[in-house]
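For reference, the structure discussed in these notes is given below.
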């Protein structure tokens, strides 16, 4: 076993495969940041307790799993948070309808409440048996009472695994060897930090990316786009990013990556008008390259031996293919002001629609087969699209339908073609265990109430997005698809619009707080959105919570589902304040709350400083946020805002400030701020303080 960084250990068994997430990575381990984390300095799992065996199937790994340990992680899991006693298969799948481990973003990494993490470096469809079985003979010495067996299906279905120490069994097919990486704690959150810093650290979005997003009707034309854009500004609806769906291209399935002048005549003039209205533009695409694309001839020799939708599947692990793909995006889009992309259809949509992806037997020029490429495609795609923004020297905040291991440095947020609100909330809870980000975007709504409840969740998420590809007009005017397209609007649409505007403004007020949380992600590897158990691993009350999460260090979000007028909320130890009213709650208890329609249950830790900005309609370049700081309790802890130009990569070389907010303990209801750093501009202006006791 080798120590490869502070708190990170590697154990090798046999000869690992040539193509793994670590061998394909393009990001560097953040050694300096890892060195700042305290740790015991010994492997969290002794080498003597780990077994690696080569079998006819591939590689079998066994690690100890103590009776009290709870297991989390495995990427974007939409059906369960606590995986103890479950089997999980790391297979990318756009339609994960059951709790098998299939996911838009499977990651062979898990963390334990025992205070450590384990990463298996493979792109295979590895299976993890999280204490599901006892070894042969382990039950022989139990008492007669303990050895009772089920005598009916009802008893069997209710069977609970025996208490006591168990084993984590991992099956990696086809491999002849494997690298296992172990991440020390001493607690669960620190183990996740180490994994993210090992991956290259977290991503830092541009400030405008934390505003409100709107994706337009898939069949929209230039006049539809300009009408919507004008309507948003006229109605003072905060919107920063305007997204185009497939119709902007001459061919979309597969993609030409060329503007359709039939729908968008004079598209460059249209873009200039939108830029002049302070919209950032995001373009939908997918990876498969149509024969009419300018990239096709150069990508032909660097693609897999099967097509998808009559288009090439470029092998983006090959430098020549990546350079062609990135170069086209740089010249045709990024240099012309496009701010980001929606990377669709890269999540192996061949389980329901069999011709939507390539076979596992596909051969790629790099030597990868289809199985490996399916699990690797999302991260390779992100790296290729990130490259032109690196060349241009400006940040993007984009979307992707698939991701995987070591993806935390990429500025992409996962989304789905699923629609269930509860599933979407669980995605926010789970993503933070594995260096991923997820948006519970608003894709459809059954009623005005449903629309508002879904918007509430997305404004308290990594990316506040309304994906209105199915409707011609804004959803607050009409949620029914057919009526919306026909122009038949709700009688009370102005009332619904005003509630939506208030929610959008709440999102805009949270941008400085969110930006500071993402700075902690970049520098320290702390996920900005995470499960409660990550902050409270010693509180069993948090172990199974799937419908509430931390947003930054100081806010707890507990979304409400449509049709429910109340919900129960467990607040961990300590004291908490209602975000909207300031009401005080004692932690370590479960409360039943019944919020009004325009409010989502959100709580702030007592003795916190919370910076809230005056809402803007958009975040312009060099925008200055006017901030009122809310001080909760009698001894609020200091808070640090992260200040830079908000768009470039200068922060990587120290071009930023720390703006420290402090509360004066003398009872004068006043606070102070101080700056330190090399950034010469001003992003924040403190205009007031509010004491909440």
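Rule-based calculations on the coordinates, nothing more; no lab input. Source: prediction; values computed, not measured. Neighbour counts run over all protein chains shown; Cβ positions are idealised from the backbone, glycine included.
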Taking Cα centroids, how far is the stretch 1-73 from the stretch 296-351 in Å?
32
Testing the spin-label approximation: label points 7 Å from Cα along Cα→Cβ at residue 680 and residue 586. State their distance in nm.
5.6
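Hey, what did the stretch 609-692 get for relative contact order, percent, Cα under 8 Å, at least 6 apart? It would help to have the intermediate numbers written out before the result.
Details: 165 pairs, mean separation 29.9, N = 84.
Once divided by the residue count of the stretch 609-692, the mean separation gives 36 percent.
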Dividing the convex hull volume of the alpha carbon atoms of the stretch 332-417 by its residue count, what do you get in Å³ per residue?
119
How big is the convex hull of the Cα atoms of the stretch 609-692, per residue, in Å³?
86
If each residue's Cβ is checked for other Cβ atoms within 10 Å, how do 107, 289 rank with the fewest at the top?
107, 289
Taking the Cα of residue 100, stepping 7 Å toward and past its beta carbon, and measuring to each backbone N in the stretch 336-363: which are under 18 Å?
347-361
Looking at the chain, what % of its DSSP beta bridges pair antiparallel, to the nearest 5?
70
Under the 0.36 nm per residue contour assumption, what length would be gained going from the current alpha-carbon distance of residue 335 and residue 15 to full extension?
110.8 nm
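Which of 18, 501 comes first, and how do the rest follow, when ranked by fewest Cβ neighbours within 10 Å?
On the way: 18 11, 501 17.
Lowest to highest Cβ neighbour count: 18, 501.
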On a full-extension model of 0.36 nm per residue, what is the gain between residue 27 and residue 67, subtracting their alpha-carbon distance, rounded to one decimal in nm?
10.8 nm
Please compute the modelled spin-label separation between residue 35 and residue 660, points set 7 Å along Cα→Cβ, answer in nm with one decimal.
2.3
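By count of other Cβ within 10 Å, fewest leading, how are 573, 36 ordered?
Working: 573 14, 36 11.
Ascending Cβ contact count within 10 Å gives the list 36, 573.
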Working note, the stretch 539-634: Cα radius of gyration (Å, one decimal) and Dmax (Å, whole number) are 15.1, 45
Between (1) 170; (2) 292; (3) 193, which entry matches volume of the Cα convex hull per residue in Å³ as derived from the coordinates of this structure?
(1)
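For the chain, what relative contact order do you get, as a whole percent, if you take Cα pairs closer than 8 Å and at least 6 residues apart? Don't jump to the answer; show the numbers that get you there.
Details: 1674 pairs, mean separation 89.7, N = 693.
Relative CO of the chain lands at 13 percent.
Hey, what number do you get for the chain at 222 nm if only DSSP H runs of n ≥ 4 count, each worth -39500 (n - 2.57), divided across all residues, to the nearest 500?
Numbers: 15 runs with 154 residues, N = 693.
Using -39500 (n - 2.57) per qualifying helix, the result is -6500 deg cm²/dmol.
Give, in nm to one decimal, the length gained when the segment between residue 446 and residue 481 is fully stretched (0.36 nm per residue of separation minus the Cα-Cα distance). Walk me through the intermediate numbers first.
On the way: separation 35, 0.36 × 35 = 12.60 nm, distance 0.96 nm.
That pair, residue 446 and residue 481, stretches by 11.6 nm at full extension.
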Per principal axis, descending, Cα span of the stretch 430-494 in whole Å:
44, 19, 15
Can you give the log10 of the normalised intensity I(q)/I(0) at q = 0.10, 0.13, 0.21 Å⁻¹, computed with Debye over equal Cα scatterers of the stretch 10-117?
-0.38, -0.67, -1.47
